[in-house]
Amino acid sequence: MADNLLFFTELTGMPVLDLKGRRIGRVKDAALVPLVNPSRIDRYLVGGGESWLTVRYDQVQSVELGRGIQLSDEMLVPYHDDEYMLRIARDLLDQQIIDVNGRKVVRVTDLSLEIQSNGPHDVLAVVDVDIGIRSIFRRLFQGAPPLWIRRLQRWIPPNSIRWDYCNVVEPDPLRRLRLNISYQGLEEMHPADLADIVEELSPAEREAIFETIDSEVAADALSEIEPKMQASILESLEPEKAADIVEEMSPDEAADALSELEDATSEEILDEMDSAEKTEVEELLEFDRDTAGGMMNTEYVALHDHASVADALGALRGNEDLLETLNTLFLVDEEEKLTAAVPLARLFIASGGVPLKDLASGTLIHVSVDERQDRVTEIFDKYNLLTLPVVDEDGKLAGVITADDIISVLRES
């Protein structure tokens, strides 16, 4: 094992020596100040009870296993809690932490620290979060001679996660500002992976994440979470923040999420939303969830039935945010009644002047807004559909049901 490696279980209890080598106390805890440096141990807490002292990192001359921490400066001050400090024993050990690289939630059992020479000082930097049997072994025998523990643990495979792959979830709003560990890793995850992680966390930790990450990322992740937990997360947020997230969701997903809330809470969130998004969601909330109207999405591309392929390409350029899920265009007449459906792929084999109605599917399959959910599922299965248009009582296009909507229904049943 590297000579410059130290475990937090070994640091705790290590003697602190003054300039003459006399012991002035033992290390009880250590703290990071992430706003200053996300990995360097910034303070050592020495003593116990009501008489703790604080040792700054630049007051340490050397750190040596078996000997202790030798000070280079004895001007110590009494310990005072600081909202920007992240104390390891109090705030990290036995807490859940997100392994961004492994896309999972783990529990911190110990930390690996590297002794780094920084001119006249030794500093400690967190390099790994230890989560395996080795770290449990060290915790069980903490206080025994460190070299003896190291010899015994050699036969146990190590299991750790690099500190820079971890995201601390701080559920306490009074101390959340002290953290400077980036949430960028969370925001770069696939929404389904982030949803899996969120579902493993406590309600307070979920709130901390959704309060912090980008609203669009939060919306994508929330869409992957089961309805009751969606409601719990939205209820925990301030209405303004919840509205920012709901606005980024598709109207049908937003309506489903809000329908799980108490009416008063739902209204508070709706009141904070922009008028256009609010109107769309409110219209969908009027439908029973077990009907086509309650399942449909109002995000689609419809053109006049006299439109050409060139018109369609222009419409697509104006709806780039829908391109990932779009597979069908719809044609409507002067009264906005549905007349045809055009598979998107057919646009690429036709010249710009070709009328879209010449590329339309032979049979137009659609349902009314009050069609039962089980009947809609049967239609998707029978005709192998990817998209099903929904019309109102006058035959006007009201929305679209897609295959992923059906998958969500089947998962919930």
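The values are calculated or read from the model by the stated rules, or taken from the named source; none is laboratory data. It should be emphasised that the depicted structure is a prediction, and the values quoted were computed from it without experimental measurement. Backbone-built Cβ (ideal geometry, glycine too); neighbour counts: all protein chains shown. These area figures cover heavy atoms from the full protein model, side chains too; ligands, DNA and RNA do not enter into them. Shrake-Rupley method; radii C 1.70, N 1.55, O 1.52, S 1.80 Å.
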How big is the shadow of the Cα convex hull of the chain, averaged over all directions, in nm²? 27.0
Would you work out which of Val217, Ala89, Val367 lies farthest towards the positive end of the dipole of the chain, given +1 charges on the beta-carbon of Lys and Arg and -1 on that of Asp and Glu, about the Cα centre? Ala89
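So how strong a dipole does the chain carry about its Cα centre when Lys and Arg Cβ are +1 and Asp and Glu Cβ are -1, to the nearest 20 debye?
4120
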Output ³J(HN,Hα) for the range 121-128: one whole-Hz value per residue in order, computed from phi by the Karplus curve 6.51 cos²θ - 1.76 cosθ + 1.60 with θ = phi - 60°, and x for Gly and Pro. 10, 9, 10, 9, 10, 6, 10, 9
Can you check what the net charge comes to around His366, using other residues whose Cβ is under 12 Å from the Cβ of His366 (Lys, Arg +1; Asp, Glu -1)? 0
Please list 253-259, 312-318 highest first by mean number of surrounding beta-carbon atoms within 10 Å per residue. 253-259, 312-318
Beyond 26 Å (Cα-Cα) in this structure, taken from Lys337/Lys357; Lys104/Lys278; Lys228/Lys278; Lys228/Lys382; Lys278/Lys382; Lys357/Lys396, we find Lys104/Lys278; Lys228/Lys382; Lys278/Lys382
What list of ³J(HN,Hα) values in whole Hz, one per residue of the range 205-218 in order, does the Karplus curve 6.51 cos²θ - 1.76 cosθ + 1.60 (θ = phi - 60°) give from phi, with Gly and Pro shown as x? 5, 4, 4, 4, 5, 5, 6, 9, 6, 4, 4, 5, 5, 4
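If you place +1 on the Cβ of every Lys and Arg, -1 on the Cβ of every Asp and Glu, and leave all else neutral, what size is the dipole of the range 309-350 about its Cα centre, to the nearest 20 Debye?
Values: 3 positive and 8 negative charges, 52 e Å.
Value, rounded to 20: 260 debye.
What is the calculated FRET efficiency for Glu267 to Glu324, with r their C-beta to C-beta distance and R₀ = 35 Å, to the nearest 0.05? Display every interim value, and only then the final one.
Working: r = 32 Å, r/R0 = 0.90.
Once rounded, the FRET efficiency stands at 0.65.
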Could you check the spin-label model distance between Asp333 and Lys396? Points 7 Å from the Cα along Cα→Cβ, value in nm. 1.5
Which GluC sites (Glu not before Pro) from the range 342-407 combine a DSSP loop assignment with at most 13 other Cβ atoms within 10 Å? Glu393
Provide the per residue accessible area, probe 1.4 Å, for the chain, rounded to a whole number of square angstrom. 50
In order over the range 350-362: 3J(HN,Hα) from phi, Karplus 6.51/-1.76/1.60, θ = phi - 60°, whole Hz, x for each Gly or Pro, gives 10, 6, x, x, 5, x, 4, 5, 6, 9, 5, 5, x
Within the range 1-33, whose backbone N sits under 16 Å from a point 7 Å along Cα→Cβ of Met75? 19
The set of residues whose placed amide H lies less than 5 Å from the amide H of Val369, leaving out same-chain residues fewer than 5 positions away, is Val391
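Grab the DSSP H runs of the chain that are 4 residues or longer, score each as -39,500 (n - 2.57), total them, divide by all residues and round the 222 nm result to the nearest 500 deg cm²/dmol. Provide the component values of the computation, followed by the final result.
Details: 16 runs with 136 residues, N = 413.
Result for the chain: -9000 deg cm²/dmol, rounded to the nearest 500.
Taking 0.36 nm per residue of separation and subtracting the Cα-Cα distance, what length does fully extending Asn37 through Ser236 add? Walk me through the numbers on the way to the answer.
Numbers: separation 199, 0.36 × 199 = 71.64 nm, distance 3.07 nm.
Contour length minus the Cα-Cα distance gives 68.6 nm.
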What spacing in nm lies between the two simple spin-label points modelled at Glu114 and Asp288, each 7 Å away from Cα in the Cβ direction? 6.3
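By its C-alpha gyration tensor, with a ≥ b ≥ c as the square roots of the eigenvalues, how is the range 201-249 shaped: rounded for a/c under 1.5, else prolate for a/b larger than b/c, else oblate?
It is rounded, given that a/c, with a ≥ b ≥ c, falls under 1.5.
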Taking Cα atoms only, helix 191-200 is inclined relative to the longest principal axis of the chain by an angle, in degrees rounded to 10, of 50
Can you compute the modelled spin-label distance between Ile24 and Thr212, with each label point 7 Å from Cα toward Cβ, in nm? 3.4
Which order, highest average first, do 207-215, 76-84 follow once you tally other Cβ atoms within 10 Å for each residue and take the mean per peptide? 207-215, 76-84
